[in-house]
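These notes are about the structure you will find just below.
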Amino acid sequence: MKIILLLLLACLFLVGCQRMVYVDGGEAGSSYVAAYQHNETGHLLVIDETDTYYNFTGWNVTHQVGFSSNGADALILYDGDYKIDYSISFSGGANTEYHLTIFVNDDEKYECHFARKIGTGGDVGNGGATCILSLVSGDVITTRIENVDNKNDINVYDANVNIMRVA
């Protein structure tokens with residue numbers, strides 16, 4: 001017992017041990033996922049209906065701990081508060097407004113929403129959002145886009161999404 005106590009004290013005062021973080025979802029920061037898309041010529045996303053959200057798929061998942069992801073959505077495995085950051089670089093039709101947002105279990109999360117209007121068709125620009133959501137195990141996160149003005153398609157050049165449990 002004395003040896004364990006001495007080791008703990010040495011760790012705390014002499015070595016400066018870092019707090020242990022378990023990858024079982026028990027600590028903030030231990031659950032995260034990062035994904036991206038990159039296409040220099042643009043990845044066409046066909047818009048068939050006005051004011052209808054379409055799933056943004058084809059994510060290349062680079063980091064994943066405490067999540068399950070198939071490149072189209074992320075399944076939450078642990079309850080908690082999650083910070084979501086995402087951005088997208090895209091072009092679309094002239095004088096067309098596009099909305100992007102995060103959905104949880106098919107429910108739009110307005111706190112994760114952004115809008116971008118393209119002035120001249122073909123302009124490539126970027127938009128993004130950051131939000132914190134309280135999520136529970138089993139929640140499914142998707143990124144979606146809609147065209148609110150017409151049926152003009154979009155070309156996606158770059159996109160990324162990062163989700164991390166913060167509490």
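Values quoted throughout were computed directly from the atomic coordinates according to the rules given, and no laboratory measurement underlies them. Fair warning: this is a prediction, and the values are worked out from it, not measured in the lab. A quick note on method: Cβ atoms are made from the backbone with ideal geometry, for glycine too, and the neighbour counts reach across all protein chains shown.
Under 37 °C and 0.692 mPa s, how fast does the stretch 31-165 diffuse according to Stokes-Einstein, given a Kirkwood radius computed over C-alpha pairs? Answer in µm²/s, whole number.
220 µm²/s
Neighbours of Ala74 by Cβ distance under 12 Å: Lys/Arg scored +1, Asp/Glu scored -1, total -1.
Could you tell me the calculated FRET efficiency between Val140 and Glu111, based on Cβ-Cβ distance and R0 = 30 angstrom, to the nearest 0.05? Computed FRET efficiency for Val140 and Glu111: 0.95.
Listed from fewest to most Cβ neighbours within 10 Å, the set Asp81, Asp73 follows the order Asp81, Asp73.
Shown is the FRET efficiency for Asp81 and Thr50, computed with R0 = 30 Å from the Cβ-Cβ distance and rounded to the nearest 0.05: 0.30. Convex hull volume of the Cα atoms of the stretch 47-103, normalised per residue: 124 Å³.
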